[in-house]
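Below you'll find the structure, written out as structure tokens, and then a few comments.
The values are calculated or read from the model by the stated rules, or taken from the named source; none is laboratory data. Everything numeric in this text was worked out from a predicted model, so none of it was measured. So basically every Cβ, Gly included, is an ideal-geometry build from the backbone, and we count neighbours across all protein chains shown. All accessible areas refer to the heavy atoms of the entire protein, side chains included, with ligands and DNA or RNA removed. Shrake-Rupley method; radii C 1.70, N 1.55, O 1.52, S 1.80 Å.
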Amino acid sequence: MAEREFKLPDLGEGLTEGEVVRWLVAEGDAIVLNQPIVEVETAKAVVEIPSPYAGTVVKLHAGEGDSLDVGAPLISVDTAGGAAAAEPAPAAAAAGPDPEQELQVTLVGPGERQQARRRRIAGHARGGNGPTAADGAAPARPAAQRPKATPPVRRYAKDRGVDLAALVGTGRDGRITREDVDGALEAEQPAAAGRPAAARQPRDRTYERIPVRGTRRQIAAAMTASAFTIPHVTEFLTVDATRLVELRERLRALPAAADLKLTPLAVVAKALCVAVRSYPLMNSSWDEDAGEIEVKGIATDTPTGLLVPNVKDADTLGILDLSREITRLTALARERKTTPADLTGGTITITNVGGFGVETGTPIINKPECAILATGLIAPRPWVVDGQLAVRQLMTTSVSFDHRIVDGAYAARFLAHLRDLLEDPALLSAF
């Protein structure tokens, strides 16, 4: 027996730990070289890690939901009779475009482009089939294998006295879901109904406790650090977005936009890129260690929290190209397929709270950036135009900024300049 131990690799971008989301193999399985063996969630993305060895899985060193430090044992493989081991490939390269949600997008200036390469491992063979149920009985499982379920579902079942080992999972790859637990509870109700009232025991109310891990923990740490280390100031301004909406409709009619879901966000992003040319300090960051200001980016709501994918070289793109890139990155973020390169390197951020029907907000700065712009709901409202009351498409904008870098007057002039561009978006054609 030639047992080889594979440790959790360095996932890059300063990440020091990961959480096991889903094992793709089980103990006793025969695996081939570079076969995906596990999905690990980092603070940036869900990463699919391939095996650097061929052979038989001897031991899984962590359960689903467990957190591991980089360098901790992940899996042991008996390589006797297997193919020669390869150098462990960086996890990021095997997981999808190199590992990296109110709608937010971070814009990245020239020179910040990062190339990401995705390698997919296809055609791999996996031993064994998923559990099946026969005659109403729970499927047999190896003694060492726990029923597949996420930590919140395990807690939910435990609080209600439901044995997961007795259930058949209906989720992906046989994973037990909360609905499976509820189904088991409902199956008990007819029997309980037939018992005398005196024999029925009231069920205590319980509370679900959700572990804070992975992306959510990173978001919490980043927001806390930003809120308590950056002196935030927020200013607000109402914008007459009537012409912006008209421009969006004209662009939609173009043949080049036939495949696009064009939203006002792309126009706002273009206007922001133009505005920071006149007010470059809004597109800067605070370097605490060096004691310097570095003058140098749209976030997406996902089931696990807000992610901020970056539009690279945003200032070089037109409105339609910006829309395409925003749409592409948003889809990747919601599918948890963004890479660390997609989520880093931003210089200024837009958060579109209007996408949720919200009129305005006071966004928290994406540290170490100087500013974050919030755009609210565009809706018809009364507005005075040339001394006459009219119904116009209005939008409230707000900008939170680092008062160490810029003062209120500078930020106010920037916001007014941005308003002028949005109210007369034809000006953008000059840039």
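Report the net charge of residues surrounding ALA225, where surrounding means a beta-carbon distance below 14 angstrom and charges are Lys +1, Arg +1, Asp -1, Glu -1.
Values: positive: ARG217, LYS367; negative: GLU288, GLU369, ASP402.
Its environment carries a net charge of -1.
Could you please put PHE228, PHE236, PHE6 in sequence from largest to smallest accessible area, using a 1.4 Å probe?
Values: PHE228 170, PHE236 100, PHE6 15 Å².
Correct descending sequence by accessible area is PHE228, PHE236, PHE6.
Across the stretch 6-11, computed HN-Hα scalar couplings (Karplus, 6.51 cos²θ - 1.76 cosθ + 1.60, θ = phi - 60°) run 9, 9, 4, x, 5, 8 Hz from first to last residue, x flagging Gly and Pro. The amide H of VAL233, built 1.01 Å from its N in the peptide plane, has PHE401, HIS403 as neighbours under 5 Å, considering only residues 5 or more places off or on other chains. By a 1.4 Å probe calculation restricted to protein chains, GLU48 has an accessible surface near 60 Å², given to the nearest 10. Taking all protein chains together and rolling a 1.4 Å probe, HIS61 ends up with roughly 60 Å² accessible. Cα gyration tensor of the stretch 377-431, axes a ≥ b ≥ c as square roots of the eigenvalues: rounded (a/c below 1.5), prolate (a/b > b/c) or oblate? Since a/c reaches 1.5 and a/b is larger than b/c, the shape of the stretch 377-431 is classed as prolate. Taking amide H as placed 1.01 Å from N in the peptide plane, ARG4 has its amide H under 5 Å from the amide H of VAL77, ASP78, THR79, each at least 5 places away in sequence or on another chain. Rolling a 1.4 Å probe over the protein chains gives VAL32 an accessible area of about 70 Å².
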